[in-house]
Each structure stands twice: as structure tokens, then as C-alpha cells.
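Reviewing the structure listed below.
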Protein chains: 2
Amino acid sequence: MKLSTKGRYGVKAMFDLAQHMGEGPISLKSIAERQSISEHYLEQLVSGLRKAGLVKSVRGAQGGYLLGKEPDKIKIGDIIRVLEGPIAPTDCVSEEDPEICSKAEFCVTRTIWEKVRDSIAEVLDSITLETMLEDAKKIESDRSLYMYYI
Amino acid sequence: MKLSTKGRYGVKAMFDLAQHMGEGPISLKSIAERQSISEHYLEQLVSGLRKAGLVKSVRGAQGGYLLGKEPDKIKIGDIIRVLEGPIAPTDCVSEEDPEICSKAEFCVTRTIWEKVRDSIAEVLDSITLETMLEDAKKIESDRSLYMYYI
DNA sequence: TTATATCTTATTAAAATACTCGGGATTTGT
DNA sequence: ACAAATCCCGAGTATTTTAATAAGATATAA
């Protein structure tokens, strides 16, 4: 039940883009450095995000990437689905063409995995890049408040 | 974000044991046959469950396994944790000694994985083998009702 | 025209997964 | 006493997935 680096790096990279909105195209190199990710590896991930319309690219020198939509329109679930595939604790309850099993209609185990799938999806779809930006702002102000009282 | 066969087979096997309570020790061979699982592989999984006290074993001919506690005392989360390890979409939010990262206190990404972890744990800990037995009974009666009206 | 980027495909090392195999220990029934 | 059934344990292995790395083609700003 682990997320792979694809999903983790992807969310980090997207959040990085959100934090640098308005600064023009952001190069993978700078994202890779800030987030400590291999640039080449990140390239592969971002390729998928671009095809899904979650980022836009600008080629050439001074090029880079921009968010494909407003941050409040990009759910973490969208990012995870592009990079990790449909949410599916088991193949028989995959969000996308689940693997039909002959016992499916009376399989009690299956209903558990459905609930797990739905609870994961609900969390990931309730959080957007905008939410994350707000959280980051809040953490920042809490920190400075804390510093003040020391 | 997939469960491995360990978790899936383990839950299936435990549910099988629950369904055959009162019939004395149930052999791995019969469980493996009913659930279409390799017997040798199942042996390894059940070994862990036994060490965790979720099943009791009876050795020798006519031996087998019994539930280690009442079905309403065995949560699906208990089974999963024994077979798949602590619930942890990422190492930094593992239920058991999470891998501390220097940026943890102001990491916005981390809070997402915490929410995912908690929602998975909540689902898995809200379902017991007893719940599953009730569900199975309900499905069975719905099926016979359906048959009646045909 | 050169440096800076994105884009694309192929290869690979390491780890995890899902078994398989062989043999030993324990108990029951004959 | 013996054979059959069963749990118990450790090692080995094929396949798949993961996480990169590498190499080069394409596009654009300066």
C-alpha cells in the first residue's frame, strides 16, 4: 500500500510549480534541485502530466513548465491517477475497467477494497494545489508567530 | 497503491476460517483449495498470523488452524498490518517509526499522506471478521430473495 | 549560432513480489 | 509400531516493478 516515487515526486513538482506561478516558465532543472529529484527521471513524469494537460511546456532556452490550469482546478487525485494509474487497492476494484472476477457479485472481501478505494479517492480529490498553497501560507505564519514568542 | 497478494490472501484465509468456526481445526489444504491459493505460499502467510495471535494452530493429522480470537475482535486492519507491515502510503508517515525527514514540520505534501494513511486505517479498522460474516449472510439472503421472484 | 531547454526512446541495476522446493516435527488412526 | 496427515521452517528462484541513467533529437531566446 505504498505510493511510488512517481506519485510523490509528481505532487512535489506540481506544488513547486504552483508556488512559482507568475514567474514565467519554470525549468525542470530548478524544480529538480529544489525538490532533490533526478532531473532526467522528473522529465519522464512531467511528460505524462503534460499529455494529461496538467502542465503546459515552453520549449527552448528560458523555457520550462507552467500549470495547465488554475491551482484550484488541479486535484491531487488527478496528479496521482496520471502517474500511478487508476486508484485501485486491488485490480478487481480499479477505478478504470476493473478486472472482473466470477465471484465478484457475492465476494465480501471485494466490498472492503471498494471502501478503501473510495476513502483514498475522497481524500485525494478533496485536496487541490490551491489547498496546499493555503496550508503552506498557514504553516509559514504559524512559524513566524512561534518565532515571535521565543 | 496496491495491496499485495499477502494482504489479499490473508484476509481471504481469515474469512474462510471465520466461516468454518465450530468445525474444529481447518487445514491449510482445504483453505487453499477453496480460495485458489498456493498451499505452500499460504503457509508462509499464516505463519505470521500465528505469531501475531490471530490464528491458533493444531499440529498433526486432523490438525489445522482456528481463529485466535472471536471474529468481532479481529479487525481487517490487524490482518493487513501483520502481512503488509504498518499502514504507510509513504515512509515518512508510517504508523510505526516513520522515517523522519528534516523538512517534516513544514512539509505540506506530508500532511496529504497523513490523511490518506488515516482514511485507510479507519476503513480497515472499522471492519471485523464478524462484520464480514454479517455481510455474507445478507448477500446470501438477498440472493435467495432474488431467486424467489424469478 | 550558441546555449538552454524540452522531448523521446532505450537500457539497466536493484529491489520487491509471488511463488516453489525440500525436509523436519508432531499427532492421529490402524 | 507405523503410515498418513498436517503443521513448521529456511532456502532458492523466476518475474515484475521501480527508479533511475544515458544518449540524442528538436525547439527557441539571446
Worksheet item: Based on the Kirkwood radius over alpha-carbon pairs, what is the Stokes-Einstein translational diffusion coefficient of segment B:5-149 at 25 °C with 0.890 mPa s viscosity, in µm²/s?
Response: 144 µm²/s
Worksheet item: From the label point of B:Leu66, set 7 Å along Cα to the beta carbon, how far off in nm is each other copy's matching point, shortest first?
Response: 7.0
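Please go through segment B:1-83 and write out the GluC sites (Glu not before Pro) that DSSP classes as loop and that have at most 12 other C-beta atoms within 10 Å. Walk me through the numbers before you get to the answer.
Numbers: sites: B:Glu23, B:Glu33, B:Glu39, B:Glu43; in loops: B:Glu23.
Passing both the DSSP loop test and the Cβ count: B:Glu23.
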Worksheet entry | Teacher prompt: B:Lys138 distances to equivalent labels in other copies, 7 Å Cα→Cβ, nm | 3.4
Worksheet item: What's log10 of I(q)/I(0) for the protein assembly as shown at q = 0.07, 0.16 Å⁻¹, Debye sum over Cα points only, no solvent?
Response: -0.37, -1.23
Worksheet item: To one decimal in nm, how far is B:Lys103 from the same spot in the other copies, if labels go 7 Å from Cα toward Cβ? Please give the shortest first.
Response: 4.5
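Count, for each residue of A:77-84, the Cβ atoms from other chains sitting within 10 Å of its Cβ, then give me the mean as a whole number. It would help to have the intermediate numbers written out before the result.
Working: counts 0, 0, 0, 3, 0, 0, 0, 2.
Per residue, the average neighbour count from other chains is 1.
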Discussion item. Please list 3J(HN,Hα) in residue order for segment B:5-14, calculated via the Karplus relation 6.51 cos²θ - 1.76 cosθ + 1.60 where θ = phi - 60°; whole Hz, with x for glycine and proline.
Written reply: 4, 4, x, 5, 4, x, 5, 4, 5, 5
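Calculate, for B:Lys29 and B:Arg59, the FRET efficiency according to 1/(1 + (r/R0)^6) with r their C-beta to C-beta distance and R0 22 Å; round to the nearest 0.05.
Numbers: r = 14 Å, r/R0 = 0.65.
Computed FRET efficiency for B:Lys29 and B:Arg59 comes out at 0.95.
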Worksheet item: Given a 1.4 Å probe and no ligands, DNA or RNA in the count, how much accessible surface is buried by B and A, both sides, to the nearest 100 Å²?
Response: 3200 Å²
Worksheet item: What residue in chain A has the Cβ closest to the axis turning A into B, and how close is it in whole Å?
Response: A:Ser119, 2
Worksheet item: Using the Cβ atoms and a cut-off under 12 Å, what net charge is assigned to the surroundings of A:Glu134, where Lys and Arg are +1 and Asp and Glu are -1?
Response: -2
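How large is the charge dipole for segment B:5-149, taken about the Cα centre, if only the Cβ atoms of Lys, Arg (+1) and Asp, Glu (-1) carry charge, to the nearest 20 debye? Before the final figure, lay out the partial values.
Numbers: 20 positive and 24 negative charges, 85 e Å.
It works out to roughly 420 debye.
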Practice prompt. Give A:Lys103/B:Lys29; A:Lys103/B:Lys6; A:Lys51/B:Lys2; A:Lys2/A:Lys69; B:Lys6/B:Lys103; A:Lys73/B:Lys115 a once-over and call out the pairs whose C-alpha atoms are over 26 Å from each other.
Written response: A:Lys2/A:Lys69; B:Lys6/B:Lys103
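The values are calculated or read from the model by the stated rules, or taken from the named source; none is laboratory data. Quick caveat: nothing in here was measured; it's all calculated off a predicted structure. Backbone-built Cβ (ideal geometry, glycine too); neighbour counts: all protein chains shown. What goes into the accessible areas is simple: the full protein's heavy atoms, side chains included, and nothing from ligands, DNA or RNA. Shrake-Rupley method; radii C 1.70, N 1.55, O 1.52, S 1.80 Å.
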